[in-house]
Amino acid sequence: MVIRHIKKFFENQKKRFAERHKEKERAESFRETEEMRKAEELKREADRLAQLKQYQTAIEEYNKSLEFYPYKGNEQDLFKNAAEFLFKCNYNVAACYSYLDNFDKAINYFDNALQIEVAEDENKVKALMGKGSTFYRKKLFVEGRYRAGAYRIAMDTDWEVPDKVVERYKEEDRKKNFTKLAHDCFTNAAELDRHHVEAWYNKGHMEIIMGMIKEAVQSFDNVLNLNKNYENKESIALFDEIKKERGIAVKTSEIMERSENAEPTFKTKTGHLVRTRAEMEIANFLFNNNLLFQYNTVATWADKDDFRASFYVPKLDLYIDHYPYDYVKEYQKHMKARIKQYEKSKKKHIYITSEDEKNIEDAIKLKMKPYAIL
């Protein structure tokens, strides 16, 4: 009898304990749901502020939403919605810091987003692209320049960074190489999503800057395999050359801009950096034939102060130009005006065209025949 009462007592105790535990779980669940709702509400307000370009205030609201959100510290155990929420908050804070030119904090928050292990690959690619672009923009500041293009974020900014910060960036760049760090990000993004055309293009752009021409050709090939009409946002001459080799038309407006603003990226045997592969071959030909030359030299005798010749060979008093887009009508006007300037000033002048590029060495030999025995 006593044993039965004791047994019943313990069963009742166990039942009451289970009920209290269940009530506690329900209360905890309700509390978490309320926290989640509050966090989502704060994030929506932060999104609105970011759209209005109130970036600093948006950052504060995103951080509040992260504080309210109940799932922190165990990202590997998160369910999908929680992972998505945490990723978006961290990614958006990174973007806001990037808009404010606070590159270090932007990169930290991109890293926070990437550390959410259960985040979708699509989100990871997005964060890698943002992180890579931020490293490249830091590089632009180190070099004291900024060009509109694939890495520009449309916003109201004067693009100024304090001198002390720039000096710190320069030291960091010497140690870590921002271009390589950007390249690593774009490479990882392309590996995660082999069909991400912008990742391949940005990867190729960094490879051009680092002098990895063969790798850049492969990256740009992948771009054109995915989208033959992809815009050459960074005005990369090699990209246009590959399009031309494939028979893909390039817009006249783009060609004219490229011809005026192309940056030297191809290294010659003499150590010069030139704008195109054809110019590299011309330079190497001159070097191999013991002809010293000056590259992109100002022609003081020309009517315009900014008139430059691709090459000048002092020994022969000969000017050599490269006209890669001679097949485009608008470019032909530019080409003819330059040739006329040489004729007017009675200067010895030869030029290499797109047709000559098929066998450039023979073309140079033939055109230089009146001026030198090679």
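The values are calculated or read from the model by the stated rules, or taken from the named source; none is laboratory data. Bear in mind that the values here come from a model prediction, so they are computed numbers and not experimental data. All Cβ positions, even for glycine, are placed from backbone atoms using ideal geometry, and neighbour counts span all protein chains on display.
Below, the figures for the structure above:
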{"quantity": "Flag if GLN332 is out of contact with any helix residue (DSSP H, G or I) (no Cβ under 8 Å at 6 or more places or on another chain), closer than 16 Å to HIS272 by Cα and without any contact (Cβ under 8 Å) to a residue 60 or more places away in the chain", "calculated": "no"}
{"quantity": "Members of the stretch 307-366 found to be over 14 Å from PHE285 (Cα atoms) and among the aliphatic types (A, V, I, L, M), listed by number", "calculated": "ALA309, LEU316, LEU318, VAL328, MET335, ALA337, ILE339, ILE350"}
{"quantity": "Among residues of the stretch 297-319, those that are touching an Asp or Glu at 6+ places or on another chain (Cβ under 9 Å) and under 18 Å from PHE266 (Cα atoms), counted", "calculated": "3"}
{"quantity": "Sole residue being assigned to a loop (DSSP other than H, G, I, E, B), under 18 Å from ALA189 (Cβ atoms) and among the acidic types (Asp, Glu), chosen from GLU117, GLU122", "calculated": "GLU117"}
{"quantity": "The stretch 221-250, residues that are touching a residue at least 40 places away in the same chain (Cβ under 8 Å) and either touching a Cys at 6+ places or on another chain (Cβ under 9 Å) or in a loop (DSSP other than H, G, I, E, B) (or both)", "calculated": "LYS233, GLU234, SER235, VAL250"}
{"quantity": "Which numbered condition VAL274 fails, given (1) touching a strand residue (DSSP E or B) at 6+ places or on another chain (Cβ under 6 Å); (2) modelled with pLDDT of 95 or more; (3) of a type outside the set (Gly, Ala, Ser)", "calculated": "(2)"}
{"quantity": "Residue that is modelled with the highest pLDDT [pool: residues in the stretch 69-85 that are crowded, with 17+ Cβ neighbours inside 10 Å and assigned to a helix (DSSP H, G or I)]", "calculated": "PHE85"}
